[in-house]
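Down below is the structure, laid out as structure tokens.
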Amino acid sequence: MNRPVIYTDFDGVLNAFPDSKIQRRGGVGHTGWLKPDDPRASLYSSDHAFPLTGNLVVEVPPGRYRLRWSRELADGFHKLAVAGMVELAWLTTWQPYCVNTLDPALGWNPDIVHTVRWYDPVTNQGRFSGKLDTIFSRLRFETYQEDPSPIIWLDDEECYPARAKYIETWKPAAPLLMIRPDERIGISRRQWLIIQDFVHHPDEYPPVTLDEEPTIRAHAMHHGL
């Protein structure tokens, strides 16, 4: 199989939204003050979640936003792309600001990391269906390739069981891995191991695999852009 392609969201995936008290006390990975019986202790443990070592306020036309991310995790993705092991692409509502805002913040090379143009930032046309349309477009493209690329889709809202079953009916030419993180921590260490394993051994996976972090909770809207 060809090298995998990774489509990644930003908010809730790399940009985490810890509970307010966790934010005030230093963020994910700095939870020694939590009591052992606190249900949040295991969620925010550095054994489970990547410490949010990146903390930055950015200004973009819609407003000011605080970004909290793991430099270790971001570096891990970028290294895979630099090494040519994956094709890395942004698939996020931050689309207009990836090159000038997100890439510099995360230390990603915009010449290596592609930004998918999946909605019109002026009219918002495509904003509700554009992500899925992008995945289906790539699935169709890979169907006609002699050496199809496996796909990894990272999104805390768009990846869920009903959608995985629907995509499976399309019978992808190469395996598809869907990862749904818990927005409070972003991609967990456990999920990062799954992603790396898929990158190295995609042929060992079924046509469609969905991994949802067990602690995910429903939310009405993003806290980010």
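The values are calculated or read from the model by the stated rules, or taken from the named source; none is laboratory data. Since the model is a prediction, treat every value here as computed from it, not as a measurement. We place every Cβ from the backbone using ideal geometry, glycine too, and count neighbours over all the protein chains shown. These accessible areas exclude ligands, DNA and RNA; they are computed on the full protein's heavy atoms, side chains included. Shrake-Rupley method; radii C 1.70, N 1.55, O 1.52, S 1.80 Å.
Once neighbouring chains are kept in place and the probe is 1.4 Å, which whole percent of the accessible area of the chain is contributed by carbon and sulfur?
The value for the chain is 50 percent carbon and sulfur by accessible area.
Mind putting a number on the dipole of the chain about its Cα centre? Charges go on the C-beta only, +1 for Lys and Arg and -1 for Asp and Glu, and I need it in Debye to the nearest 20.
So the magnitude is around 680 debye.
Only Lys, Arg, Asp and Glu count, each charged at its Cβ (+1, +1, -1, -1), so figure out the dipole size of region 88-143 about its Cα centre, rounded to 20 debye.
For region 88-143, the charge dipole is close to 180 debye.
Which residue, H78, H201, H114, tops the fluctuation ranking in a GNM of the chain built on C-alpha contacts under 10 Å?
The residue with the greatest mean-square fluctuation here is H201.
Per residue, how many Å² of accessible area does the chain show with a 1.4 Å probe?
On a per-residue basis, 48 Å².
Among G107, F77, T169, which residue has its Cα furthest toward the positive end of the charge dipole of the chain, with +1 on Lys/Arg Cβ and -1 on Asp/Glu Cβ?
Among G107, F77, T169, the one farthest towards the positive end of the dipole of the chain is G107.
Name the longest site-free stretch of the chain, where the excluded sites are chymotrypsin sites (Phe, Trp or Tyr not before Pro) in a DSSP loop with no more than 14 other beta-carbon atoms within 10 Å.
Between exposed loop sites, the widest span is 34-127.
What is the set of long-range amide H partners of I185 at a cut-off below 5 Å, with H atoms built 1.01 Å from backbone N?
Distant-sequence amide H within range of I185: F17.
Put +1 on the Cβ of each Lys and Arg and -1 on the Cβ of each Asp and Glu in the chain; which of P150, P4, A16 then has its Cα farthest toward the positive end of the dipole?
It is A16, whose Cα lies furthest towards the positive end.
With everything on Cα atoms, drop me the angle between helix 189-200 and the longest principal axis of the chain, reported from 0 to 90° to the nearest 10.
So the helix axis and the longest Cα principal axis differ by about 20 degrees.
Which residue, A162, A81, A173, has the most motion in a Gaussian network model of the chain that connects Cα atoms within less than 10 Å?
Looking only at A162, A81, A173, the biggest GNM fluctuation is shown by A162.
Which whole-Hz couplings ³J(HN,Hα) result when phi for each residue of region 151-160 is put into the Karplus expression 6.51 cos²θ - 1.76 cosθ + 1.60, θ = phi - 60°, listed in order with x for Gly and Pro?
So the Karplus estimates, Gly and Pro as x, are 10, 10, 10, 10, 7, 7, 10, 8, 9, 8 Hz.
Name the long-range amide H neighbours of R127: under 5 Å, sequence gap of 5 or more, or other chain; modelled H, no Pro or chain starts.
D120
If I model a spin label as a point 7 Å beyond the Cα along the Cα-Cβ vector, how far apart are those points for A162 and D47 in nm?
In this crude spin-label approximation the distance works out to 3.7 nm.
Considering the values (1) 25, 19, 18; (2) 28, 21, 17; (3) 36, 18, 15, which represents semi-axes √(5λ) of the Cα gyration tensor in Å as calculated for the structure under consideration?
(2)
Give me the net charge for the shell around K165: Cβ to Cβ below 15 angstrom, other residues only, Lys and Arg +1, Asp and Glu -1.
Summing Lys/Arg as +1 and Asp/Glu as -1 gives -1.
Under a GNM of the chain (C-alpha, springs under 10 Å), which listed residue has the highest mean-square fluctuation: D111, D47, D197?
Between D111, D47, D197, it is D111 that shows the largest mean-square fluctuation.
Can you pull out the trypsin sites (Lys or Arg not before Pro) in region 155-225 whose DSSP state is coil and whose Cβ has at most 16 other Cβ atoms within 10 Å?
R217
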